[in-house]
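Quick notes on the structure that follows.
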Amino acid sequence: FGGTTHFDIHVGGLSPRGQGRPPGAVIVFHDVTKVRNLESVRREFVANVSHEFRTPLAIINGYIETLLDGALDDRPMAEKSLKVMYKNGQRLTLLIEDLMTISKMEHRSAMLEFRPLDLREVFRKILHRLQSAVAERNAQVTIDCPEEVSYLEGDARHLDQVFANLLENALRYGTANQVLVAISVIRDADDVVISFQDNGPGIPLEDQPHIFERFYRVHKDRSRVAGGTGLGLSIVKHVIQAHGGAVSVESVPGQGATFKVRLPVAQAATETHPTP
Ligand code: ADP
């Protein structure tokens, strides 16, 4: 039967209604593989979330203990402790925000607001918000989005989050030297295809099929140190799918990565979830 099964046997001919009929048996097989798989996905998710929370909490508690043990009177030490605690508190906030977004997207309860939008406007806002990160990484970001391909119907707030995530990743995992990120938009039939190409280390082939999974990272420590929650690409995938689109990655390790987001220009009427 392929998967794990258990079965019940119902024997006929014993009940009053069965009287007079030839005795027989009905064997009902239940395939419990799916249920078990779901259960193990859920368990793994809870273990991952707990692990992600444990580290920053342990750091915060450690510094509180140090302060209570006397470091409070040592001004530079106290300041350093507070800064580390603040950074880890922020990390927990970010994790909760990302988890909430994923949960809403998975249950389709996110009220996406599909409206006509101008991609150039979305990119402008993101670049403005991330300008200090761009400067810090000494990055050069180019945007090629001609007016004739820049309009589509979508949820501006969630698409902003998607494109910001992709740009942040390109900056976060970029090369140590000059980080180059090329954002380009082209029209393909009824879709627009938005590409984010970077000149970073790229993604090993064996990791590529997994990077859109929750908490999957190529280098766990590198991602955490750089402030990643491991949920960014999972959010990207959910938001794009909720738009009826798709996201993919192409990468030759050592030669950068290109993330491609394909979005329908117009939303089908049935797919819209207007704000109540
Ligand atoms: P994180 O918060 O760790 O960045 P993501 O879901 O955004 O989580 O990404 C998952 C993993 O994919 C990252 O940890 C990183 O290993 C890899 N990755 C994502 N974007 C890039 C990129 N542009 N270049 C190289 N690796 C990347």
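Computed values, structure above
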item: FRET efficiency estimate (nearest 0.05) - Cβ-Cβ, ARG42 to LEU127, R0 35 angstrom; result: 0.35
item: Cα-based helix-to-principal-axis angle, 75-106 vs the chain, degrees rounded to 10; result: 40 degrees
item: Whichever aspartates and glutamates have a C-alpha closer than 12 Å to that of LYS220, once near sequence neighbours (fewer than 8 apart) are set aside; result: GLU52
item: Two-decimal log10 I(q)/I(0) for the range 119-203, as the Debye equation yields it once each C-alpha is a single scatterer, q = 0.11, 0.14 Å⁻¹; result: -0.29, -0.47
item: Solvent exposure ordering (accessible area, 1.4 Å, most first) of ASP31, ASP73, ASP198; result: ASP73, ASP31, ASP198
item: Accessible area of the range 48-113 belonging to carbon and sulfur atoms, whole % at 1.4 Å probe; result: 60 percent
item: Rounded tilt (10° steps) of 232-242 against the dominant C-alpha axis of the chain; result: 60 degrees
item: Average silhouette area of the chain, convex hull of alpha-carbon atoms, in square nanometres; result: 24.6 nm²
item: Dimensionless Rg over Rh [the range 133-276; C-alpha; Kirkwood]; result: 0.97
item: Above-threshold pairs, the threshold being 29 Å between Cα atoms, out of LYS83/LYS237; LYS87/LYS260; LYS34/LYS237; LYS104/LYS260; LYS83/LYS260; result: LYS83/LYS237; LYS87/LYS260; LYS83/LYS260
item: Accessible solvent surface per residue of the chain, calculated while the other protein chains remain in place, 1.4 angstrom probe, Å²; result: 60 Å²
item: With Cα atoms, 0 to 90° folded angle of helix 156-172 axis to the chain main axis; result: 60 degrees
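The values are calculated or read from the model by the stated rules, or taken from the named source; none is laboratory data. Since this is a predicted model, take the numbers as computed values, not measurements. Counting neighbours? That spans all protein chains shown, and the Cβs are built from the backbone with ideal geometry, glycine included. All accessible areas refer to the heavy atoms of the entire protein, side chains included, with ligands and DNA or RNA removed. Shrake-Rupley method; radii C 1.70, N 1.55, O 1.52, S 1.80 Å.
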